[in-house]
Amino acid sequence: MEEQPHWLRAISQTTLTPLVRQALKNDTLVVTTWTHQPIYGGAGIFAHLYRVAGNAQVGEQVVPWSLILKVSQAALGSPDPTHTSYWKREALVYQSGFLEQLRGGLVAPRCYAVHEPSEGELWIWLEELHDMDGPHWSLAQYGLAARHLGAFNGHYLT
């Protein structure tokens, strides 16, 4: 059996509770259980992606929750801040607040925290998004996405 990466072993109730409280907008909940599973595709070249999900206790109620953990490592990206694959690029754009004010009908997943647990490693804790239209888009859905991307690009033309 393959050994877990150190960042998965480092996830704890202490790490998760403030993030889940933020995600669920409840300052009293306590994370009780969690699991993690890798997400393949997308950023796999420059980062490791995981879905971290579990339950939290809120009074007598058990509430499910989920987050996305993106682990970025210096060794997987460029050390040059001007390079498109700069390993800190995504964390810096989230920390800048730029993604909270996107235009053109686009929204970015909410970022709950960026942690730098060790030199050369960043953890980006993100909202898990679910596609309301399912995994198979219609031609009209692709058209709407193209319209939003065009409007977004138009706002940042100059």
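Restricting region 40-65 to residues that are within 30 Å of G77 (Cα to Cα), modelled with pLDDT under 95 and hydrophobic (A, V, I, L, M, F, W, C) leaves a set whose member that is farthest from the chain's Cα centre (by Cα) is I45. Considering (1) among the hydrophobic types (A, V, I, L, M, F, W, C); (2) within 21 Å of L8 (Cβ to Cβ); (3) in contact with a helix residue (DSSP H, G or I) (Cβ under 7 Å, 6 or more places away or on another chain), the lone condition that L99 does not fulfil carries the number (2). Only residues that are without any contact (Cβ under 8 Å) to a residue 24 or more places away in the chain and open to solvent by less than 40 Å² (accessible area, probe 1.4 Å) were counted in region 112-158, giving 4. Filtering Q4, Q13, Q22 for residues that are under 22 Å from E116 (Cα atoms), polar (S, T, N, Q) and in contact (Cβ under 8 Å) with a residue 60 or more places away in the chain leaves a single hit, Q22. Residues in region 8-29 that are open to solvent by less than 60 Å² (accessible area, probe 1.4 Å) and either acidic (D, E) or touching a helix residue (DSSP H, G or I) at 6+ places or on another chain (Cβ under 7 Å) (or both): L29 alone. Per the conditions (1) open to solvent by 70 Å² or more (accessible area, probe 1.4 Å); (2) in contact (Cβ under 8 Å) with a residue 12 or more places away in the chain, the sole criterion not satisfied by S96 is (2). Candidates are the residues of region 70-93 that are part of a helix (DSSP H, G or I) and at pLDDT below 90; the one that is surrounded by the most Cβ atoms within 10 Å (Cβ to Cβ) is L76. Quick test of your reading of the structure: Q37 fulfils all but one of (1) at pLDDT below 95; (2) within 23 Å of G77 (Cβ to Cβ). Name the failing condition by number. Among (1) at pLDDT below 95; (2) within 23 Å of G77 (Cβ to Cβ), the lone unmet condition for Q37 is (2).
The values are calculated or read from the model by the stated rules, or taken from the named source; none is laboratory data. This is a predicted model, so every value here is computed, not measured. All Cβ positions, glycine included, derive from the backbone under ideal geometry; neighbour counts span all protein chains shown. Side chains are part of the model used for accessible areas, which takes the heavy atoms of the whole protein and leaves out ligands, DNA and RNA. Shrake-Rupley method; radii C 1.70, N 1.55, O 1.52, S 1.80 Å.
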